Amino acid sequence: MTDTTATPLKIAQDTSFAVLFAISFCHLLNDMMQALLPAIYPILKTDFHLSFAQIGVITAVFQGTASLLQPWVGYASDRRPMPYSLPLGMVSTLAGLLVLGFAGSYAIVLLAAMLVGLGSSVFHPESARVARMASGGRHGFAQSLFQTGGNIGSALGPLSAAFVVALYGQRGVAWYAGAALLGIIILTKVGSWYKHHGLARIRAAHKAMRHEPLPLARILTIIFILALLIFSKYFYLVSISNYFTFYLIQTFHISVPSAQLHLFYFLAAVAVGAFAGGPLGDRFGRKYVIWISILGPLPFTLMLPYANLFWTEILSVVIGAILASAFPAIVVYAQELLPGKLGMISGLFYGFSFGMGAIGAAALGLLADATSITFVYKVCAFLPLMGLLTVFLPELKKHE
């Protein structure tokens, strides 16, 4: 039975695994290319004589561009679907990589970061929409599979940089243009499915199931609480993704490739956690997963600044796996809160997560310059306490 002949409920219930794997793989390519930027920070810091604050500004430009535009992209696509915006976003990422590979000044590095951020602002909200279109009602699983692709890509970024960029230097980034071209080809195919089948699926899904209506003030309060939870999650994650290599080099006197390998272990654990979070939310409820994933890492984050190298590696892996399980559950919870605003909600939460990463990178960079990298991790250790706010989230009861 095809999408054009099935009943609305049947359309909503069929899971399109080919599309899910395609969009997840493109998320892998997209985030692998984006992860090159923080992976080469030690090289940029040396070549351009940058401070930690200037490193933070690079991340702020990249993630700030993505965060500010994503909700607007989602809002616009809610009003008028844009199936072929996905490959266009990848074109911007391709341009950013080429500029970064041949940048001769700090200002050009910032321009490259802005182009990569622009690509993200288009890719993430529209891809999250496609994942829900193809989910067949398994929303947590679809969001986790999509998110896992991105997390694997984020893990592969520094791992590949440890070899490619370490061998060829800054210009090695340009070799990743081939990955961007592959992404453009696949996303063009996904855009065609989106146009001819995906829109019918999402409309059928909206008609098939809705939750009990909530007052506007209650909805805004819930979104605010979810935003605070994302704040705690991403402030801690950015402390690892941006400054963990510096912490390891400074504290344990290891080499740059070795530090990047330790960062890969953390990011790989994040990928595993992200994949688990969505299906667990489907089975046990989003709220329980959010509880465990935000508050659960607290004892481990408190121990991390005082651990030796072996236990630092173990603790970072545990923290990454638990924390990462939160985001798919939070995104699906928010999508179910406002099912008619799928693009805007996806863009809002992906954009907000990028924004928190941007603010966190800049703020923690300033704090590291003023104190030390170790002090940064002592402060961030208390961020999981914000998971206690989950108690104020209601269970979204659904009805046919």
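Each Cα pair under 8 Å and six or more residues apart adds its sequence gap; the mean of these over the residue count of region 1-140 is a relative contact order of 39 percent. Note that the chain shows a convex hull volume over its alpha carbon atoms of 118 Å³ per residue. Comparing mean-square fluctuations of Phe146, Phe52, Phe275 from a GNM of the chain with C-alpha springs under 10 Å, the top value falls on Phe52. Take the residue pairs Lys287/Lys341; Lys287/Lys378; Lys195/Lys287 and return only those whose Cα atoms are more than 25 Å apart. Those over the limit are Lys287/Lys378; Lys195/Lys287. Between Ile314 and Ala18, residue separation times 0.36 nm minus the direct Cα-Cα distance comes to 103.1 nm. Rg and Dmax over the alpha-carbon atoms of region 287-400 stand at 16.6, 56 Å. Report relative contact order for the chain in percent, whole number only (criteria: Cα-Cα under 8 Å, sequence separation at least 6). Worked out over the chain, it gives 29 percent.
So if I place +1 on the C-beta of Lys and Arg and -1 on the C-beta of Asp and Glu, and nothing else carries charge, what would the dipole magnitude of the chain be about its Cα centre? I want it in debye, nearest 20. Before the final figure, lay out the partial values.
On the way: 23 positive and 13 negative charges, 194 e Å.
Result for the chain is approximately 940 debye, rounded to the nearest 20.
Along region 171-181 the Karplus relation, 6.51 cos²θ - 1.76 cosθ + 1.60 evaluated at θ = phi - 60°, assigns HN-Hα couplings of 5, x, 4, 4, 5, 7, 4, x, 5, 5, 5 Hz to successive residues, with x for each Gly and Pro. Projecting the Cα positions of Ala66, Gly136, Pro83 onto the charge dipole of region 16-139 (unit charges on Cβ atoms of Lys, Arg, Asp and Glu, taken about the Cα centre) puts Gly136 furthest along the positive direction.
At 0.36 nm per residue, minus the direct Cα-Cα distance, what do Phe163 and Leu181 gain on full extension? Give it in nm, one decimal, please. Walk me through the intermediate numbers first.
On the way: separation 18, 0.36 × 18 = 6.48 nm, distance 2.15 nm.
So the extension gain works out to 4.3 nm.
Qualifying chymotrypsin sites (Phe, Trp or Tyr not before Pro) in region 309-400, where qualification requires a DSSP coil assignment and no more than 15 other C-beta atoms within 10 Å, comprise Phe382. Reducing region 77-103 and region 349-400 to their Cα centroids gives an inter-centroid distance of 27 Å. Figure legend: label point modelled 7 angstrom from the Cα of Ser192 along Cα→Cβ; no residues of region 120-140 have amide N under 14 Å from it. Scaled against 2.2 N^0.38 Å for its residue count N, the alpha carbon radius of gyration of region 93-201 is 1.24. If you model region 244-319 as an ellipsoid using its alpha carbon gyration tensor, with each semi-axis the square root of five times an eigenvalue, the axes come out at 28, 14, 7 Å, biggest first.
For Ser325, the shell of other residues with beta-carbons less than 15 Å away shows a net charge of +3, using +1 for Lys and Arg and -1 for Asp and Glu.
Under the 0.36 nm per residue contour assumption, what length would be gained going from the current alpha-carbon distance of Glu336 and Asp369 to full extension? Intermediate values should be presented prior to the final figure.
Details: separation 33, 0.36 × 33 = 11.88 nm, distance 4.19 nm.
Gain on extension, Glu336 to Asp369, equals 7.7 nm.
Protection proxy ranking, highest mean first, for peptides 246-256, 283-293: 283-293, 246-256, where packing is the per-residue count of other beta-carbon atoms within 10 Å, averaged. Placing a label point 7 Å from the Cα of Val379 along the Cα-to-Cβ direction, the residues of region 23-57 whose backbone N falls under 20 Å from that point are 51-57.
Per-residue ellipticity at 222 nm for the chain, helices alone: DSSP H runs ≥ 4 residues times -39500 (n - 2.57), over residue total, nearest 500 deg cm²/dmol?
Values: 18 runs with 311 residues, N = 400.
Dividing the helical sum by the residues of the chain leaves -26000 deg cm²/dmol.
Using a simple spin-label model with pseudo-atoms 7 Å out from Cα toward Cβ, Tyr106 and Tyr75 lie 3.4 nm apart.
The numbers here are math on the coordinates, done by the rules we state, and not lab data. Computed from a predicted structure; not experimentally measured. All Cβ positions, even for glycine, are placed from backbone atoms using ideal geometry, and neighbour counts span all protein chains on display.
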